[in-house]
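Read-outs throughout are calculated quantities, based only on the coordinates presented, and are distinct from any laboratory measurement. Computed from a predicted structure; not experimentally measured. Here the Cβ positions follow ideal geometry from the backbone for every residue, glycine too, while neighbour counts run over all protein chains shown.
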Amino acid sequence: MKPETLSFAVLAICAALVCSTNAADAQTGLPPLTAQWWQWVLSIPTDNNPTLDTTGKDCMVGQQGPIWFLTGANFGGVTRPVERSCSMPAGDVVFFPVITAFFFNTPNCLQGPDNLTVKSMREQIKPFINSVRNMSVTVDGSPVKPLRVDSTPFPVAIPAENIFNPDGCGTDVPFPPGVYSPSVAEGYYVKLENLKPRPKPYEIHFNAEAGSDDFGNKTVHDVTYHLTVMSVLSK
């Protein structure tokens with residue numbers, strides 16, 4: 001399976017929030033979260049997959065605490081700027097890739113019949129992430145610096161109505177549903193805690209570029225979120 005890419009932003013003003021960007025967390029907490037993010041986004045059917053959403057109406061799909069995921073807009077060939085408005089509960093940790101790529105083992109679908117190793121798949125996506133440039137993430141105009149993270153290996157469950165179709169395994173060859181393993185991902189991510197509720201939405205803008213037109217894998221993203229953080233009423 002060829003590597004796919006998405007660009008994502010990080011929610012926060014680091015002066016006011018706790019940003020988990022220390023080296024220890026990058027080696028322990030972030031790689032599993034990267035795997036969970038991909039498991040979340042790939043398991044959601046096309047009709048309400050947040051990566052295909054251009055308004056924010058699907059930002060709550062599949063969310064379950066205490067981690068709140070956000071997404072970019074690469075799948076479906078989106079090249080124009082995307083603007084979304086949505087809400088999330090206070091108290092959740094936000095995890096979000098700025099730009100990322102993944103590769104998963106799919107025998108007889110855009111690869112030969114043999115299973116691929118984790119090492120070989122990592123080697124496939126690393127050049128793309130090495131090419132990342134013009135990356136910027138701001139929240140209300142304040143910059144946020146992401147960390148580069150390799151995911152832990154993970155399985156993915158692909159539904160029948162998946163974001164790769166109708167040509168997931170080639171022209172007029174749909175990508176079959178099922179559980180695929182192993183999978184790997186790499187990219188630039190941020191984990192943010194203690195995002196406080198407020199009446200005014202946070203304005204999150206992020207853009208990034210990677211890949212090359214020479215190989216047909218150039219990716220350019222420009223996404224803005226208007227994110228309202230809601231207070232959670234206690235019983």
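Here is how the numbers come out for the structure above:
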| quantity | calculated |
| --- | --- |
| Convex hull (Cα only) mean projected area of region 89-149, reported in nm² to one decimal | 6.7 nm² |
| Virtual paramagnetic centre 7 Å along Cα→Cβ of D47, amide N under 11 Å, in region 146-161 | 161 |
| Reference-scaled alpha-carbon Rg (2.2 N^0.38 Å with N residues) for region 124-234 | 1.37 |
| 3J(HN,Hα) from dihedral phi, region 89-100, Karplus parametrisation 6.51/-1.76/1.60, rounded to Hz, x for glycine, proline | x, 5, x, 6, 7, 9, 10, 7, x, 6, 8, 8 |
| Mean Cβ neighbour count within 10 Å, used as a protection proxy, ranking 165-174, 40-49 highest first | 40-49, 165-174 |
| Region 53-171: relative contact order as a whole-number percent, Cα under 8 Å and 6+ apart | 22 percent |
